[in-house]
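Okay, so here's the structure we're looking at.
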Amino acid sequence: MSLTIKSETKITSIEEVTNTRHGSPYDRGSADAWYGRRPHPHWFPKGTYMCKRIREEDMSEQEIAEYHFGYMNSEFGGKDWG
């Protein structure tokens with residue numbers, strides 16, 4: 001699978017991620033990878049499914065970069081559907 005990351009912000013380590021809590025762009029990226037979903041940047045400011053979903057077009061470049069960093073640094077398809 002080939003991915004194109006649109007963000008101009010390049011994140012190279014977890015220390016550059018500003019928000020890792022549940023529902024954050026980083027968290028949602030890692031969850032999408034874990035469940036084997038294609039990348040689609042989004043996040044939930046008050047926690048996953050606890051508020052309105054923020055879509056990619058409403059995200060900052062930093063948030064999009066954090067989503068992609070979470071996605072690319074997680075185990076893709078790690079969920080055992082057994």
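Can you name every residue in the range 66-82 that is part of a helix (DSSP H, G or I) and among the aromatic types (Phe, Trp, Tyr)?
Result: 67, 69, 71.
Checking residue 63 against (1) part of a loop (DSSP other than H, G, I, E, B); (2) crowded, with 19+ Cβ neighbours inside 10 Å, only one condition comes out false. Which one?
Against the list (1) part of a loop (DSSP other than H, G, I, E, B); (2) crowded, with 19+ Cβ neighbours inside 10 Å, residue 63 comes up short only on (1).
Restricting the first residue to the range 51-75 and requiring it to be polar (S, T, N, Q), which pairs with a second residue that is open to solvent by 50 Å² or more (accessible area, probe 1.4 Å) meet a Cβ separation below 6 Å and a spacing of at least six or different chains?
Close Cβ pairs (under 6 Å, with a partner that is open to solvent by 50 Å² or more (accessible area, probe 1.4 Å)) amount to 74/34.
If only one of 5, 14 is farther than 18 Å from residue 77 by Cα, hydrophobic (A, V, I, L, M, F, W, C), open to solvent by 30 Å² or more (accessible area, probe 1.4 Å) and at pLDDT 90 or above, which one is it?
14
Could you grab me the full set of residues in the range 51-60 that are under 20 Å from residue 16 (Cα atoms), open to solvent by 30 Å² or more (accessible area, probe 1.4 Å) and either in a loop (DSSP other than H, G, I, E, B) or touching a Lys or Arg at 6+ places or on another chain (Cβ under 6 Å) (or both)?
60 - this is the single residue of the range 51-60 that is under 20 Å from residue 16 (Cα atoms), open to solvent by 30 Å² or more (accessible area, probe 1.4 Å) and either in a loop (DSSP other than H, G, I, E, B) or touching a Lys or Arg at 6+ places or on another chain (Cβ under 6 Å) (or both).
Kindly provide the set of residues from the range 37-50 that are surrounded by 12 or more Cβ atoms within 10 Å (Cβ to Cβ) and either touching a Gly at 6+ places or on another chain (Cβ under 8 Å) or more than 18 Å from residue 17 (Cβ to Cβ) (or both), ordered by number.
37, 39, 40, 41, 43, 44, 45, 47, 48
Being in contact with a helix residue (DSSP H, G or I) (Cβ under 7 Å, 6 or more places away or on another chain) and surrounded by fewer than 13 Cβ atoms within 10 Å (Cβ to Cβ) is the filter here; which residues of the range 66-78 pass it?
Result: 75, 78.
In the range 17-31, which residues are without any contact (Cβ under 8 Å) to a residue 40 or more places away in the chain and open to solvent by less than 10 Å² (accessible area, probe 1.4 Å)?
23
Hey, can you tell me all the residues within the range 38-50 that are in contact with a helix residue (DSSP H, G or I) (Cβ under 8 Å, 6 or more places away or on another chain) and part of a loop (DSSP other than H, G, I, E, B)?
Answer for the range 38-50, where residues must be in contact with a helix residue (DSSP H, G or I) (Cβ under 8 Å, 6 or more places away or on another chain) and part of a loop (DSSP other than H, G, I, E, B): 38, 39, 40, 41, 44, 48.
I need a count of the residues in the range 45-82 that are under 23 Å from residue 12 (Cα atoms) and of a type in the set (A, V, I, L, M, F, W, C).
Result for the range 45-82: 6.
The values are calculated or read from the model by the stated rules, or taken from the named source; none is laboratory data. Nothing here was measured: the structure is a model prediction, and the numbers come from that model. Positions of Cβ are backbone-derived with ideal geometry, glycine not excepted, and every protein chain shown enters the neighbour counts. The protein model used for the area step is the full one, side chains on, heavy atoms only, and it has no ligands, DNA or RNA in it. Shrake-Rupley method; radii C 1.70, N 1.55, O 1.52, S 1.80 Å.
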